[in-house]
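First up is the structure itself, then whatever we jot down about it.
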Amino acid sequence: MVETMGNEEVKDVSSTEVANEEEEEEERGTWGNQCEFFLSCLGYAVGFGNVWRFPYLCYKNGGAAFLIPYVIMLLCAGLPLFFMELALGQYASLGPNILFPKLSPIFGGLGWAMVIVSALVTIYYNMILAWTLYYTFASFTSVLPWGHCHNDFNSLECYTEELSTSCKNQSLYVYNNTCVTVQEYCGAAGFQAVNETYCQGTDDVVPADGVISKVSSSEDYFLNGMLGVTGTTWEDMGGIRLELVGCLFLGWVIVALCMVKGVKSSGKVVYFTALFPYAVLLILFIRGVTLEGAYSGIEFYFLKPNISRLGEVEVWNDAATQIFYSLGSSFGGLITLASYNKFKNNCMRDAMIIAFANCSTSVFAGFVIFSILGFLATELGVEVEDVVRSGSGLAFVVYPAAVTRMPYPPVWSILFFLMLITLGLDSQFTMVETLATALFDQFEYLRSKKPLVVCILCTGLFLFGLTMCLNGGMYMFELFNWYSAGISVLILAITEVILIQYVYGFRNFMRNIRQEMGIYMPFPLYVYWAATWLVITPVALTVILIISIVKFTPAYFGDYVFPYNIQTLGWFISFSSIVFIPLGAIYVLVKGNKKGKELFTPSPDFCPHHVRKLREKQGAANKGQPVGVFRYTYDNEGFQEPHAKVYPALPEDENPPPYTNGPAYSNHM
């Protein structure tokens, strides 16, 4: 049916025509079902940090008391950003690099900035996956190689607690995997023995125990057995480690195979990769709480809350930073995942469930890890705090040391590292999908060549990561880890919130969510989203950014602080993403096809995917002539509207009633 509105022809697109949406979605791809999207988002949010960083932060910042700032920061910054990005991606069905230029041309570079951040992170993130694969393969043995100092690569400083205790009982010292006298021990460090417990240096007398820095067998395996980093510097990174190259290559092969058909293949894989870690955590928890000393670890972690710590700024900053990076906002990944959703999906419900599931996983993982650390501390005869570490030190040094003391250590080692593999894969899938989607949306003809594009993309990222497979590759890894997604991501997040809630407009965004996508929102939740998006979230992010800059620590590894020129290189890595925001603005200004208010006004193409496709079809039918204006309506039982929507929006005197109008492009809230 054709209607006339003013001087323009307006076509009424019925639900039978909208049925072609499925065919159009097939071209770009969609999730096979809602469960695939949910598990992909959950897997993306739940990663390495939930296991090796949150438990440490909780113990460090007052135990159970840390949950107070953690949950508050979840509600103030984490959840609002999470839902905002899911809603934005689902509404437009576009990757960030195409979405933001349509939303506001002057901010078009924001999308590419997110894509660059994801690209930088994928390079070093898959290196962690390579390490995990290395440890997994090394676990298939009757005697774990990090449980002793008899390997060819072990340093002279390597020791085990068993040998150390044996030597102490004889008033001797551990050196070169044997017991030596105090004279030999002091001499190895260039000192002279004074008596059985002290050595004489050039200036003073020092305890013999401190003249040589001992390295546990598990740490020695990590540093020398796998990385080979000892003795290297930035100026001399040594040779390539072929075993790491092989593991890195295998990691990228796994990613490429799982993503070769986009979300249609990765959506099936997440049934395993997203759920397997929970099965392993449950098994490890049951095993951990049955070990001697488990209660002391759990007590140390959670059962002695220190409320006084809540008055310290550092605690709140740790909570905000952890929740922000854990949920993965402003990397472009959430927008990408949601862009493959059905238009009417209730992404608000998904955001709330996933965000709280992510936090619950972190807390539960802490019980698992600290029950085993309590066991290790009991075995070693030390305090729990003496074996607690954060980051890779927990995953590749402390935990491997713990499993060597458990019955059937290879079994527990394999389980733990398989869990880490699946945790890492989910996050990696999303970041690589962000890069692939950016290419497919920018160059639509590539969609028919998905397998080839994904393989080429993974090959390129593999080649970029080869520098981290050198003996000194850990320095490059830490540089990327330190600078690629720190302050830059906070700047992207602040820019994104301001753009959507103030430039595009809060009311417009809410209209997209509530009226067009049909997501039911109770009034209390409406007030919550309004308060956070408009005030609380941007203020919280700004405070986090300021604290991060003021308290910024230059990159280091161990006791080695990177040279000034390398720190400068790190800042270049950090700004390599941010710079796309001003570059995008300059490009639009130089191009000159948008001026004045148009620079901040959404284009007519900022609309649902099926609407864009219908306009393209109408344009093709008119042989390239201007499309004009058309209506579309939903008349299905689940969502009925009294009036048709109009795209693009017409002047106010020609628009249908405000409730059912298409996206209003006013910049007012």
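The values are calculated or read from the model by the stated rules, or taken from the named source; none is laboratory data. Note that this is a predicted model, so its numbers are computed, not measured. Heads up, the Cβs are rebuilt from the backbone with ideal geometry, glycines too, and the neighbour counts pull from every protein chain shown. With ligands, DNA and RNA removed, areas are computed over all heavy atoms of the protein, side chains included. Shrake-Rupley method; radii C 1.70, N 1.55, O 1.52, S 1.80 Å.
Residues of segment 504-529 that are buried (at least 16 other Cβ atoms within 10 Å of the Cβ) and either aliphatic (A, V, I, L, M) or in contact with a strand residue (DSSP E or B) (Cβ under 8 Å, 6 or more places away or on another chain) (or both): MET510, ILE513, GLU516, MET517, GLY518, ILE519.
Just to be sure, is LEU420 of a type outside the set (Val, Ile, Thr), surrounded by 21 or more Cβ atoms within 10 Å (Cβ to Cβ) and in contact with a Lys or Arg (Cβ under 8 Å, 6 or more places away or on another chain)? No, not satisfied. When the helices (runs of 4 or more DSSP H) confined to segment 448-535 are screened for residues that are under 30 Å from PHE107 (Cβ atoms) and more than 27 Å from the chain's Cα centre (by Cα), those reaching at least 1 such residues are found at 506-511, 523-531. Could you tell me whether LEU479 is under 20 Å from LEU99 (Cα atoms) and open to solvent by less than 10 Å² (accessible area, probe 1.4 Å)? It is false that LEU479 is under 20 Å from LEU99 (Cα atoms) and open to solvent by less than 10 Å² (accessible area, probe 1.4 Å).
Quick check, is ALA193 touching a helix residue (DSSP H, G or I) at 6+ places or on another chain (Cβ under 8 Å), open to solvent by 10 Å² or more (accessible area, probe 1.4 Å) and in contact (Cβ under 8 Å) with a residue 60 or more places away in the chain? Walk me through how you get there before you give the answer.
Working: touching a helix residue (DSSP H, G or I) at 6+ places or on another chain (Cβ under 8 Å): yes; open to solvent by 10 Å² or more (accessible area, probe 1.4 Å): yes; in contact (Cβ under 8 Å) with a residue 60 or more places away in the chain: no.
For ALA193, the condition - touching a helix residue (DSSP H, G or I) at 6+ places or on another chain (Cβ under 8 Å), open to solvent by 10 Å² or more (accessible area, probe 1.4 Å) and in contact (Cβ under 8 Å) with a residue 60 or more places away in the chain - is not met.
Residues that are over 15 Å from SER371 (Cβ atoms) and assigned to a loop (DSSP other than H, G, I, E, B) were ranked within segment 383-395; the one that is least open to solvent (accessible area, probe 1.4 Å) is GLY391. In summary, PHE580 fulfils each of the numbered conditions (1) open to solvent by 50 Å² or more (accessible area, probe 1.4 Å); (2) in contact with a strand residue (DSSP E or B) (Cβ under 7 Å, 6 or more places away or on another chain) with the single exception of condition (2). The set of residues in segment 404-440 that are of a type in the set (S, T, N, Q) and within 12 Å of CYS258 (Cβ to Cβ) comprises THR422, GLN428, THR430. Restricting segment 396-417 to residues that are over 15 Å from THR136 (Cβ atoms) and of a type outside the set (D, E, K, R) leaves a set whose member that is surrounded by the most Cβ atoms within 10 Å (Cβ to Cβ) is ALA402. Set side by side, the residues ASP426, ASP441 differ, and just one is touching a residue at least 60 places away in the same chain (Cβ under 8 Å), touching a Leu at 6+ places or on another chain (Cβ under 7 Å) and charged (D, E, K, R), which is ASP441.
Examine segment 102-114 for a residue that is farther than 27 Å from ILE500 by Cβ and assigned to a helix (DSSP H, G or I), and state whether such a residue exists. No - not one qualifying residue is present in segment 102-114.
Is it fair to say LYS268 is under 30 Å from LEU452 (Cβ atoms), among the charged types (D, E, K, R), out of contact with any Asp or Glu (no Cβ under 6 Å at 6 or more places or on another chain) and surrounded by fewer than 15 Cβ atoms within 10 Å (Cβ to Cβ)?
On the way: under 30 Å from LEU452 (Cβ atoms): yes; among the charged types (D, E, K, R): yes; out of contact with any Asp or Glu (no Cβ under 6 Å at 6 or more places or on another chain): yes; surrounded by fewer than 15 Cβ atoms within 10 Å (Cβ to Cβ): yes.
Answer is yes for this residue.
Comparison of SER118, SER93 shows that the only residue that is in contact with a His (Cβ under 8 Å, 6 or more places away or on another chain) and among the polar types (S, T, N, Q) is SER93.
Please indicate, with yes or no, whether at least one residue in segment 396-403 is without any contact (Cβ under 8 Å) to a residue 40 or more places away in the chain, over 16 Å from PHE222 (Cα atoms) and part of a helix (DSSP H, G or I). Can you show your working first?
Of all residues in segment 396-403, those without any contact (Cβ under 8 Å) to a residue 40 or more places away in the chain come to 399, 402.
Those still in the list that are over 16 Å from PHE222 (Cα atoms) too: none.
Among the residues of segment 396-403, not one is without any contact (Cβ under 8 Å) to a residue 40 or more places away in the chain, over 16 Å from PHE222 (Cα atoms) and part of a helix (DSSP H, G or I), which makes the answer no.
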